[in-house]
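Readers should treat all values here as calculations from the given coordinates under stated rules, not as data from a laboratory. Quantities reported herein were computed from a predicted structural model and do not represent experimental measurements. FYI the Cβ positions are ideal-geometry reconstructions off the backbone, even for glycines, and counts take in every protein chain you see.
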Amino acid sequence: MDEKLGGLGHILTTVFLSSFAGFLVRPVMTDVTVAAVCSELNDSCSLAVYLTGVQQVTVGLGTMVMMPVIGNLADRYGIKALLTLPMCLSIIPPDRNKGGLEMVLGYRRDTLFFYTYYVIKIIFDMVCQGTVDCLAQAYVAKNIHGTQRISMFGVLAGVRSISAVCATFAARFLPTASTFQVTALSLFVGLVYMRIFLKERLHDDDEDDYDGGGDERVLTEPILENAPTRTHVFYNKYSSLKDMVALMKNSTILVQALAVTFFVTFSQSGMESAFLNIILHGFKKNDFAQLSLLVWIIGSVSQLFILRILVSAIGERRVLSTGLLMDFFNAAILSVSWSPWVPYAATALVPGVMFVMPSIYGIASRQVRSAEQGKVQGCIYGVNSFAEVVAPFVYSPLTALFLSDNAPFYFPGFSLLCIALSLMIGFLLSLLIKDVPSSLMKKTISSASNEEA
C-alpha cells in the first residue's frame with residue numbers, strides 16, 4: 001500500500017492523526033467558550049464572539065510571519081525535526097502543575113482553566129497552526145517528482161478531508177471532556193509514529209531536482225535554472241524574508257500563484273463566516289453541520305480519485321482555472337439561494353473547490369529545486385494566513401449589514417456575491433499562469449538524461 005502512495009504512507013498517517021485532532025476539538029470549542037465566559041441569563045454573549053475574533057486575528061498574524069521562517073528552517077535542518085515542534089507543543093505540559101495543552105480542558109473546563117487554555121493556545125498557535133500541513137506539503141514536493149507530485153498533493157488533501165469526516169462523526173458520540181483527551185492522545189500517537197517511521201528522504205540519491213531526471217528540471221521560466229549559485233547563496237546567508245523576495249523576483253509564475261492563493265483563501269475564509277451566518281439566519285440550525293459533512297465527503301472523493309485523472313488529461317494550470325470557475329459559480333448560486341435545497345444542490349460544484357489548492361501547490365513547487373521546497377510552501381501558507389486575517393474585517397461587517405434591518409437594499413446574500421467576484425479575480429489571474437509546453441518538457445528531460453550519462 002505504501003508503494004502505491006509513492007512511499008508517502010507514513011507522512012499521510014501523521015497528517016491524518018494531526019488533522020483528526022484539530023477537527024475533533026473544533027466543534028466543541030464554541031460550546032466550551034460560551035459555557036466558560038457567558039452567564040446563563042445572557043443569550044447573546046458578545047465576549048465569546050470577541051474572544052474568537054481576537055484569537056483568529058492574533059494567530060493569523062503570528063502564522064503569517066512564522067510560516068516562511070519554519071519553511072526555511074525545514075530546508076536547513078530537515079522536515080522531520082520541524083514536524084516534531086508543533087505536535088510536541090500541543091501535548092507536552094507547558095506548566096508542571098497544569099498538564100498538556102489539550103489536557104487542560106480534558107481535566108477541567110471552568111473559567112480559570114478555559115482562560116489558561118485560551119492564552120496558551122494562542123501563543124502556541126501563532127507558531128504552530130498549519131505547520132504540520134505546510135511541512136507535509138514540502139515533504140511531498142521534496143520526495144515526489146514528475147507528474148505524480150500534484151496527484152500526491154491531492155491525496156494529501158483527501159486524507160485531511162477524510163480526517164474531518166471521521167472527526168465529525170466522533171465528536172457526535174464523545175462527551176466534551178473525552179473529546180479533549182482523545183485529541184491529546186491522537187497528537188501523541190501521531191508524534192511517536194512520525195519519529196519512529198518517517199524517513200527524512202525517500203530516495204537517498206535524490207538530493208535535488210537536477211538528479212531526479214523527471215520534469216522537475218522543467219521550469220516554465222529558465223531564470224532559476226540559469227542561476228543556481230545565486231539561489232544557494234541566499235539559502236545559506238539571508239533571512240526568510242529575503243529568501244521570499246529573492247524567490248519571487250526570480251519567478252513571475254510563483255508571484256502569480258501567490259496572488260491566486262490570496263484571493264482563494266480570502267474568498268474561502270469569508271465564505272465560512274458569511275455562509276454560516278446566512279444559513280443560520282434563514283434555515284434550520286442543523287443544516288450547516290449536514291452541509292459541512294457532505295462537503296468533506298465529496299471533497300475527499302474528488303481529491304483522492306478525480307484530481308489525478310483531470311491533471312493527466314488537461315494539466316494542472318487548467319485544473320486550477322476550472323476549479324476557480326466552479327468555485328465562482330458555487331458562491332454566485334449560494335448568494336441568491338431561494339430555497340433550502342439550493343445549498344445541497346450546489347455541492348455538485350464542490351469538487352472544483354477542492355482542486356484549487358493542490359493545483360497551486362503543484363505549480364509553485366515546480367518553480368524551485370528540491371532543497372527550497374520548504375521556503376515555497378512556507379510562502380504559500382504565509383499568504384494564506386494573511387488572507388485569513390483580512391477576510392473577517394471585510395466580510396463579517398458586510399454580512400451583518402445585509403442581514404440587518406439597516407441594509408441599503410434587500411440582498412441577504414450580497415456578501416456571497418462579493419466573494420464570487422473575488423473568486424473571479426483569482427480565476428482571471430490563473431489564466432495568466434503559463435503552461436509548460438510538452439516539447440520543452442521532453443527536450444529538458446532528454447538533456448538531463450544526456451548529462452547524467
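Take each of the peptides 254-263, 355-364, 165-174, average the number of other beta-carbon atoms within 10 Å over its residues, and list them starting from the highest.
Going from most to least packed, we get 355-364, 254-263, 165-174.
Residue by residue through segment 290-300, which ³J(HN,Hα) values in whole Hz follow from phi under the Karplus form 6.51 cos²θ - 1.76 cosθ + 1.60 (θ = phi - 60°), with glycine and proline marked x?
5, 5, 4, 5, 5, 4, 5, 5, 4, x, 5
Of LYS199/LYS249; LYS121/LYS375; LYS249/LYS434; LYS142/LYS199; LYS121/LYS142; LYS80/LYS249, which sit over 21 Å apart, Cα to Cα?
LYS199/LYS249; LYS121/LYS375; LYS121/LYS142; LYS80/LYS249
³J(HN,Hα) across segment 408-414 via Karplus (A = 6.51, B = -1.76, C = 1.60, θ = phi - 60°), whole Hz, x for Gly/Pro?
With coefficients 6.51, -1.76 and 1.60, one gets x, 7, 7, 7, x, x, 4 Hz.
Can you run phi through the Karplus equation (6.51, -1.76, 1.60; θ = phi - 60°) for segment 185-197 and list ³J(HN,Hα) in whole Hz, with x for Gly and Pro?
Running phi through 6.51 cos²θ - 1.76 cosθ + 1.60 with θ = phi - 60° gives 5, 4, 5, 5, 4, x, 5, 5, 4, 4, 5, 7, 9 Hz.
Hey, could you get me the Stokes-Einstein D for segment 363-421, Kirkwood radius over alpha-carbon pairs, 20 °C and 1.002 mPa s, rounded to whole µm² s⁻¹?
The Stokes-Einstein estimate is 153 µm²/s.
Could you rank the peptides 189-198, 315-324 by their average count of other C-beta atoms within 10 Å per residue, with the highest value first?
315-324, 189-198
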